[in-house]
Structure formats: structure tokens, C-alpha cells
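The values are calculated or read from the model by the stated rules, or taken from the named source; none is laboratory data. Here the structure is a predicted model, which means the values were calculated and not measured. Positions of Cβ are generated from backbone atoms using ideal geometry, with glycine treated the same way; all protein chains shown enter the neighbour counts.
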Amino acid sequence: MRRFAELALGCLVVVVGCSSSSGSSPAGPDAGPVPGPGETCDPTTAPSVLVHFDPPQVALAPGESRPVRVIIDPDMCAPVTGTFTMKDGSIASAPSSAPFDLRHPSFDFEVKGEKAGTTSLAVAVQRPADPSVNFAGDPQPTSGTLAIDVRASAVPKCSSTSATTTALSSSTTTAKGAGDVADASLSVPAGAFARTDELALPAFSAGVACGGDLTPTATPAKLLPLGPAVTFTPQDPTWLTHSLKRELTFAIPVNPAAMPEAARLRHLQVLYSGPMAKKPRVVTIANPHFSKLPDGNWVLGFESPWLGTYQAAVASNAGTVHVKRHLTHRAVLGISMGGGGAGIFGTRHHDQFDMIAPLGGNSELTWMVWYFEQFKFGGFCTVSNPNCTKYAPNMYPLWETYAHTEDFDHWFFQPGGGTGGSFSRGDWTQILEDFAIMGGNPNGQNADPAIPFMVTGPKSTDPFVAGTVQGTNCDVTIDPIGPNDNDSLAMQQQEATTEMQQQATQNNCRASQCDPKSAWVAKTGFYDADYNPKGTLPVISFCDGAPQSGASPYEDVWGAGGNVPSDLTLAVDLNGNGVRDLGEPVIRQGHEPYTDTGTDGVADASEPGYDATNNPDPNGDDYDFAINPTGTENDHIWEQGEPYLDVGVDGVANTPQQSQGGFDVGEGDGQFTMTAGAQQVLAVDPHQMLRGHATPPGGPLDTAALQRFDVWTDGGVRDMANFAAVGNHFIGSWAVPRNADGSQVKSTVFYDNFENLPGADPNPNNFLAVQVLWQDIASAAHLRFGYVDATPQMISQGDGQHVGTATQIVDRLVTGFYSVGSRWPDVDRLLPAPLATGAGGNAETTTVNELGTTCEISGHCDTYFTGPTTHRTGPIAVTLPPGYALEANRKAGVRYPVLYMLHGYGQDPRDLQATAAITDNYMRDSQKSSADRLAKMIVVYADGRCRIDPTTNAPECIRGTFYLNEHRQVDGHPIGQLDDWFEELMTYIDRNYRTLGPTDVDWVE
Ligand SMILES: [Ca+2]
Ligand SMILES: [Ca+2]
Ligand SMILES: [Ca+2]
Ligand SMILES: [Ca+2]
């Protein structure tokens, strides 16, 4: 349990909130606050002062006021008065000066509009000399500028009927409006016309015209319009019935001066209507930003893959809803498999976290399981439709953004390893098996309790599973774990020996399992509705992972001779030669056949009033992550009311059940049947939790729970695991919980690349996470990194891939850290005294901690942690924030929040510790003030590698645990209980480190 009694210490670390009685005592009436124990300030470390405004520009009406914050960097060691100068005081007014000192790096004030016009407010700051440190003072004042646009709050309307039509092609990429919507536009990236794959667009004509005001009939009701509705019409009306595969760029007229006084960009709501949204509603769009055009008017710019009618709006109470937010001072961030861990573990235990930050991971499983069934394991014509249309792997008709298609024989594989990250077929086969071991097999149900992760059919004693190595059970072989260089030399020698043994075991096992003589064969009687409805064809096991042989980006082409057992699926041996050949279908048996009609039980074409073009979804239940996330038709999952065939997961009626010696389960039981593994996967799926279909251990994700729980996620547009698309559906699920008036409990937004974040420099090479205006970002946000139309050179450098380019991975991490820090307004951001031996009793010292004193002094701990109940042992690493070990901070009981970091597949906690250089650097940045410095946090790197279970001596899994509780038992013992172990670890960290307990803070929604 956390130590709630120590809440009383909260004020010691509440830098801003307690500043009026700050812990440091003033040295004199003019000197201002001085650094407290463990803190330092030296004007010579930052040669120049920087001033910036948040927001950087304001538009407001005469007589109205808007709150603005001015922030200076670095810390002011001596008090300084900032001098405001309004260029034209008849247009707007503001205070004449701002006081800054060590405890006040920012100043909140109001700009008041006086009369229509544009002006600007400059602030000048000049630091005085400080002879004690040989600082001569700033030779010149530094200034910053706030752009101010005072204009009547009247909202632009549209009454002109003059519509335009523009032929768009590689030479004309923008369609402009006319008349009242002359500022509206639709742009297509030129690259869309220059390519031929699924991300290409043909030349087309687009119309721009006035739309009717959406606000009177929209959900939620009573939104204030910020401008007119504008209709964007494609030449081909069927384009309005589905999402495009890439986004287009829209601009619609707005008047930002019509925003309520305290409203920020995060309160913007974009309304949409079209044939697929007959009832106008708020939708999730990308890259929202207000821009002032050369003609002096404003537009809202954004990206969306949907053509139709758009309008900008805002709630009248935006920015005025104050709540007490309960902060736990914990967050979890992960990458890849760790991103999935952050999404799943964080959502399951949402009561223990303020924010989760899955960076490119399997944080949404509903869509992923469907995608794998349809594409990763698909691409074959069924027996009932032998002449089906065959698609090239990059040409499937999957109408959504950032999902690249593939099929079983052509897996996506972009070149550009290293920073790009890429997995071979063998890696993928092993990863899928690990996920099935830890999370459940969504593709089949094995009757043998020893191997529930395997496809239906083989038994644990069969050579394909057990292998034929004397004295070795090959069903799960651990990937060799190398020596831990933090261990003693003797231990490392032992570990190296173990590694060699593990490698030999895995090699021998795989060789024996993949020997054709070991293949599991059902000569007849293995039914499958798609590929073997009469059960007359042989169904066989096979191995995958032969070296890839295709052409980029579908290089991962199937080849014979792989050495990784494919445990999630079997093949239909059409030519009866006993081995799988290219083109032979693989079995998918995760659930009974169903029609994804939605809970109304009728598919679109049977809904009353259906018209393929003008009324394609009469009942309004068609799912889309951006425009209808609550829809249940085509939402990739069976729901109550949807028609299904009670014929068992093989899809064929009257076939023998497993209880009768057959292979089917669930036939005739009067209910929709999914495999046990599929049910286990959905039980931990954040999407299902957010829909209210799965209840997490942290309690229901109701309004109260969600108000204190945020998410930042990302994914590459070229990620081989489709993590940009996974993030789309994940954030879509955050849009599902609704208030009584139909408004979203959580605001949602997408971004494309870092330069589109509010406040960011438009040049991506100049991106600095510290400049991001978190006040302008919705509470559930997804950043898709990488450029859709990247050049081959950019792709070879990793652009948009699993990890990203060298720049992208750093930007991803730093943005993740700052997003977490933005939820912790009340934690220590003071500049710590230097780590070297400090003066005045401020030296680093040891603290009582069983991890050892060296660890505390270096701020970096590597150790093993054994869970008291799970008995699982795994390595962990802890990075303490700068200043943690300073005697002054220890004596004062200064406490810190905790960020848990989860590594990716095949890694271990040490592999992420290079990020400590980033966090440490930003937490001790003397060029910043405490307003812009990264919140000091303890970073704990948790273990997600598969280990040997101490009770049974069995491997938990092969290489990655996905941070889940395994369902398999070995000799009656549960093993691989990673979710439980993670909880034990959090308790352990709270007991052994000065972690900051919960507080309640004022929060504006
Ligand atoms: Ca329906
Ligand atoms: Ca429908
Ligand atoms: Ca459904
Ligand atoms: Ca059934």
C-alpha cells in the first residue's frame, strides 16, 4: 500500500502551488527568493533569456479578455521585472509589467480587447549583474511577442450559393471555395497523384459550397458555431460512403474571437455530416489549428480522410469546468510490446495511473485480432468462392487510413533495419506464439490443457509439439538469455553456460519439430467452412520463417524450409504432398461465423431506406474510429443481436466436437462461440474495456475514472505491425464513453508528425517537445509519425517505421516524457544542485535502501526483484531523478512521481536505460526555468522478457511476455503472471523509494 500518511509532505514539492510560502527564505527585501536546500541557480549557465507566450497568439472581441501566460527561461536568480509594451494601446490592453523571480518563472495575465484591429504585446526582460558569480548582467533586454487580433465576435455565415468545382491533379492540388466560403479549401498532397499503390488517389474534381448550419441538429446539442458549415463533394459520390485511405487537408472559415474567453484549442469540436453521418456529430480529426490568412480572415485547418460537410464549434462552457483531479503520480510508458503493455496494464489498472503512453504498441486488440484473421492469415479464395478477386498485397479494399494491407504469403517488410526496426517471418511467427502463450490464442482452441496456446489438433506429446530431442519437452523453448553484465563475473560465467544450453535446446527442438517426419497430419475429418467444408482434404502442421524473398515493401514472402513451428495455424494440404506450399490456405478458427450487422441485427442493405450512395447506413450504426466509434456494424467483433451460425468454430454443421474426438468446439450450444483464447484476449483489450464490455481490475471506466486518466499514444505510418492504424482504433475507443448529452467524456485528436503539434516549430528538424502547448491538446491523443509519401531515402532511414528515424525515436520519447509531465503540475522541477560534491552540506549521501548505497549515489540502480506472491524474479532498473540523493532533499523528504517504462520484444530493462540520458538531461536543464523543465520523476524499467519459472523450472514463454498474466499452467502451477508481478513491483517501489503519493489538484477540463 502507498503511504497516505505522507501526503502532508506534499507542500514540500508543490513548487507553484506553495510558492507564496516557498521553502526558501528570502535573503533580503530586494534579493528575492534564494535557492533552497538541494537547489541551485547560476545566471552564468544560461547565456541568454528566452521569453514565450502561451498561447502565442490571441484573437478576441472588443470588451472581452483572454488569459495568457508569459514564460521565461532560465530561472531568474534575482528578481527581474518584465516590461510590457502594447504596440497600439487603443486596440488592446494588458498589464504594464510582470514580476519574475526564482519562484515565479511565469506570469499569468489577461489581454483585453478595446477596439477592432491588430496589435502586439512585447515583453522585455533584462537580468541584472551579479558580481558574486562574475555575471555582468544581460547587455540587452530579451523580448518576446504576443500577436493580438481584436475583432467583432460575429461568426462568419454562409448565404452565398456560389459553389465551385475544381479538377484536382498533380498540377492543381487545391480546390478553393467562392463567395462566403472563399477562404475554404480542400488540398490533396501532390504525392497522392504520383503513386500507384493503395495510397494513391486518381485525379478527381471536388466541389466546395456552403453547407447548412449543423449545430441545431448535431450531437451534442447547443454547441456554439465558430463559422459556417462547408460541404466538400467528390466527383464520385461513392467516395462519400467510405473513408479514403489517406487524409486530405481542409480549411473552413472560423472566427476564433467567438471562442469563449477561457476556451483553448483543445475545446474545439469539429462537426461532420455526410451520407455516413446523416445526423451531424462531433468527429475526431487531425492537426487542428487556427490560421490567419493574408486577407485578414481566419480558418480552421485540419486533416481528415472523409469528404462531406464540416463545421467548427465549441461548447459555451469550454474552459470553465473546474474539477478536483486526483493524481496518483504514476504513469506508464512503453515502446512496441511495451506500448501494448502500457496500454493494457495501464487501462486495466487505471486507478493507479494518471496517464498511459503506449508508443507504438498492441494497445488495441479488437481491430488487431480481426486484421490478423482477415489479412495476416488471409488472402486465399474459399471453396465456396474459388474464383474470388485476388488483390496485390498493397491493393486490398481496406477503407481506412494508415493501415497497410498484406496476406499470409506476403507479409509487410520494409527495408531499413536498425532505426526502422523490422521483423522477419520467423520473428513474427515466434511473436505470435508468444502472444498466444501469454494472452490467449484468438485463432483456435487446443483441447490439451498443457498447450492452450496452440491451434486445434496437435497434442502436447506429438513430435511437432514435444519435439524428438531425448529428455527435452520442446513445447515452449525459451529464447537464450545472455549474461547480465551487472552480475558478478562468476554469475556471468554461469549465465553464459546457460545461454549456450538454451540455444542448443532451441536449435535442436526446432530442427526436430520442423523435420517433415514430425509434422502433425489430420488425413481427413478436419473441417473448415472456408477451405475444407467436407473434411476430405488433409490438414497439416508446418514451419515458417524461411528467409524473405519478395520485393519491398512485401519482402516477407512465404518460403518453404522455415525452422519456426507455426503454432497458431495449420495448412490445408491441397496437393497432398505433406508440406505446406505457397498458396495453400491456412486455417482460421477463432469464432463461429457471424455477420457484423450491428446490434440491430440487420446489415446496411436491409436497413429501411437503404440506398447505396445516398443512404448507405440508414440505422447509423456503421463503425468508424473517427466518425462513428460507438457503431456496432462492421466494428470487427460479434455483439449481442448479430446473426451467427451455431455450428462451432469450424463453421461447418454436424461435425464432431473435441469432446467426441473431433476438432470443433461450440456447435449447437445455443450461443455464439469464440475460442477460449479469443475470449481471454478480449478480456484484456482496452477497446473492450472502454466500450464497457470488459471490466478491468481498476474498476469500471466510468466518467469519474476517465476524468483522472489520460492517454498519449503514437505509431508509425509504415510500421510493419500497423501501429498507426492500431492507435487510430485505440483513440476511437476513447471517444466511446459519453456524457448524458452525447458529448464525449474524453476529448480526442490525431496528429501527423511532430511539427503539427500545437506550439511546435514548423520545421521538423527544429522540434522541441518543451514548446508543445499541452493546454491545446485533447486528453486522448494519437500521433502518427512518418510521411506517407516519403522518399525511398527517407524510408531507408526508417521514416514512419516500427522505431522511426533516429530523430523520430528521440522525438517520440521526449514527447512521451513531456506529455506525462504535463499531467503533474505539482511536482518538483527545481534545478538540482550539481551532482559533484556539493558545498554546504549538500553533498550526495547514502540512504537506507537494501539495494545498496552505490546505487543511490549514482542515481541508477540495477537489481533483481522477486515478487512476494508470484515468486517471479526478473531484472529491474531504476533511475532516480537528479537531486534525489542529495542530503538536503533526503532530509526534507522530497518525494517524486514514478514513470514505469516497458521495453519491447526481445529486450530487457537495461535496453531502455539509454533513455535515462534524455530524462536526466531535461530534468537538470539549466537553460530552462522551472516552468519548462521536465518534471522530476523516478523512472522504473520493468522486466517483460520471458524467464524460467522458479517453481516448475519451465519457460514462461519464448522471448516476450507482453506484460500479461499467462493462462497456461505447468504441473498445476500458474506461471508467467506478469500483470501480478508488475503490481508487486509497484508496491515494492513505493516501499523502497521516496515516491510521491496521491494529491488532489485543481484542474480545468
Ligand atoms: Ca445494422
Ligand atoms: Ca448500418
Ligand atoms: Ca459488431
Ligand atoms: Ca456455438
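Worth a mention:
- Taken over segment 423-456, the criterion of being part of a loop (DSSP other than H, G, I, E, B) and either of a type in the set (S, T, Y) or surrounded by fewer than 24 Cβ atoms within 10 Å (Cβ to Cβ) (or both) is satisfied by F423, S424, A447, D448, P449, A450, I451, P452, T456.
- For segment 471-524, filtering for residues that are out of contact with any helix residue (DSSP H, G or I) (no Cβ under 9 Å at 6 or more places or on another chain) and without any contact (Cβ under 8 Å) to a residue 24 or more places away in the chain leaves 20.
- Exactly one residue among T524, T599, T569, T613 is away from ligand 2 (no atom under 16 Å from the Cβ), farther than 21 Å from N473 by Cα and assigned to a loop (DSSP other than H, G, I, E, B), and that residue is T524.
- Top-ranked residue of segment 585-597 - restricted to ones that are within 16 Å of ligand 4 (Cβ to nearest atom) and surrounded by 21 or more Cβ atoms within 10 Å (Cβ to Cβ), ranked as farthest from the chain's Cα centre (by Cα): E592
- Residue among R588, R580 that alone is in contact with a helix residue (DSSP H, G or I) (Cβ under 7 Å, 6 or more places away or on another chain), among the charged types (D, E, K, R) and away from ligand 3 (no atom under 16 Å from the Cβ): R588
- Test result for A626, more than 16 Å from ligand 2 (Cβ to nearest atom), under 22 Å from M276 (Cα atoms) and either touching a residue at least 12 places away in the same chain (Cβ under 8 Å) or not in a helix (DSSP H, G or I) (or both): yes
- Any hit, segment 655-671, residues being more than 17 Å from D600 (Cβ to Cβ), within 13 Å of ligand 4 (Cβ to nearest atom) and without any contact (Cβ under 8 Å) to a residue 12 or more places away in the chain: yes
- Selection from segment 946-956 of residues that are surrounded by fewer than 23 Cβ atoms within 10 Å (Cβ to Cβ) and either out of contact with any strand residue (DSSP E or B) (no Cβ under 8 Å at 6 or more places or on another chain) or within 21 Å of G339 (Cα to Cα) (or both): R947, N953
- Counting only residues that are assigned to a loop (DSSP other than H, G, I, E, B) and surrounded by fewer than 24 Cβ atoms within 10 Å (Cβ to Cβ), segment 957-974 holds 6 of them.
- Residues in segment 540-570 that are buried (at least 23 other Cβ atoms within 10 Å of the Cβ) and over 32 Å from the mean Cα position of the chain (by Cα): I540, S541, F542, C543, L570.
- Given (1) closer than 30 Å to L773 by Cβ; (2) within 16 Å of ligand 2 (Cβ to nearest atom); (3) surrounded by fewer than 20 Cβ atoms within 10 Å (Cβ to Cβ), index of the condition G641 fails: (1)
- Of all residues assigned to segment 643-654, none qualifies as being more than 16 Å from ligand 4 (Cβ to nearest atom) and either under 30 Å from Y818 (Cβ atoms) or without any contact (Cβ under 8 Å) to a residue 60 or more places away in the chain (or both).
- Scanning segment 598-620 for residues that are within 13 Å of ligand 3 (Cβ to nearest atom), small (G, A, S) and buried (at least 16 other Cβ atoms within 10 Å of the Cβ) yields G598, A603.
- Of all residues in segment 629-647, those being within 11 Å of ligand 3 (Cβ to nearest atom), closer than 16 Å to G670 by Cα and not in a loop (DSSP other than H, G, I, E, B) number 1.
- Of the listed requirements (1) within 16 Å of ligand 4 (Cβ to nearest atom); (2) within 28 Å of V383 (Cβ to Cβ); (3) within 32 Å of the chain's Cα centre (by Cα), Q640 misses just one: (2).
- Residue tally, condition closer than 25 Å to G440 by Cβ, among the small types (G, A, S) and out of contact with any strand residue (DSSP E or B) (no Cβ under 6 Å at 6 or more places or on another chain), over segment 535-588: 1
- Screening L574, L582, L537 for residues that are surrounded by 23 or more Cβ atoms within 10 Å (Cβ to Cβ), part of a loop (DSSP other than H, G, I, E, B) and more than 16 Å from ligand 2 (Cβ to nearest atom) leaves exactly one candidate, L537.
- G340, sole failed condition from (1) within 30 Å of G960 (Cα to Cα); (2) in contact with a helix residue (DSSP H, G or I) (Cβ under 8 Å, 6 or more places away or on another chain): (2)
- Residue list for segment 971-996, filter: in contact (Cβ under 8 Å) with a residue 60 or more places away in the chain and of a type in the set (A, V, I, L, M): L978, L985, M986, I989, L996
- Of the candidates A694, A678, the single residue that is over 22 Å from L783 (Cα atoms) and surrounded by fewer than 22 Cβ atoms within 10 Å (Cβ to Cβ) is A694.
Okay, residues lined up against (1) under 30 Å from D448 (Cβ atoms); (2) touching a Cys at 6+ places or on another chain (Cβ under 7 Å); (3) aliphatic (A, V, I, L, M); (4) in a strand (DSSP E or B):
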site: S929; (1), (2), (3), (4): no, no, no, no
site: D932; (1), (2), (3), (4): no, no, no, no
site: M986; (1), (2), (3), (4): no, no, yes, no
site: I989; (1), (2), (3), (4): no, no, yes, no
site: D1002; (1), (2), (3), (4): no, no, no, yes
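- Strands (runs of 3 or more DSSP E) wholly inside segment 154-202 that include at least 1 residues being on the phi < 0 side of the Ramachandran plot, touching a Leu at 6+ places or on another chain (Cβ under 7 Å) and surrounded by 15 or more Cβ atoms within 10 Å (Cβ to Cβ): 174-176, 185-187
- Test result for T613, away from ligand 4 (no atom under 13 Å from the Cβ), in contact with a helix residue (DSSP H, G or I) (Cβ under 6 Å, 6 or more places away or on another chain) and of a type outside the set (A, V, I, L, M): yes
- Residue in segment 851-864 that is touching a Lys or Arg at 6+ places or on another chain (Cβ under 9 Å), modelled with pLDDT of 80 or more, surrounded by fewer than 18 Cβ atoms within 10 Å (Cβ to Cβ) and not acidic (D, E) present: no
- Taken together, the criteria place G144 among residues that are more than 20 Å from N255 (Cβ to Cβ) and surrounded by 17 or more Cβ atoms within 10 Å (Cβ to Cβ).
- Flag if D650 is of a type outside the set (S, T, Y), part of a loop (DSSP other than H, G, I, E, B) and within 11 Å of ligand 2 (Cβ to nearest atom): no
- Pairs where the first residue, in segment 630-641, is over 13 Å from V736 (Cβ atoms) and free of Cβ contacts under 8 Å to residues at least 40 places away in the same chain and the second is of a type in the set (D, E) and within 6 Å of ligand 3 (Cβ to nearest atom), C-beta under 9 Å, 6+ apart: E633/D596; E633/E642; N634/D596
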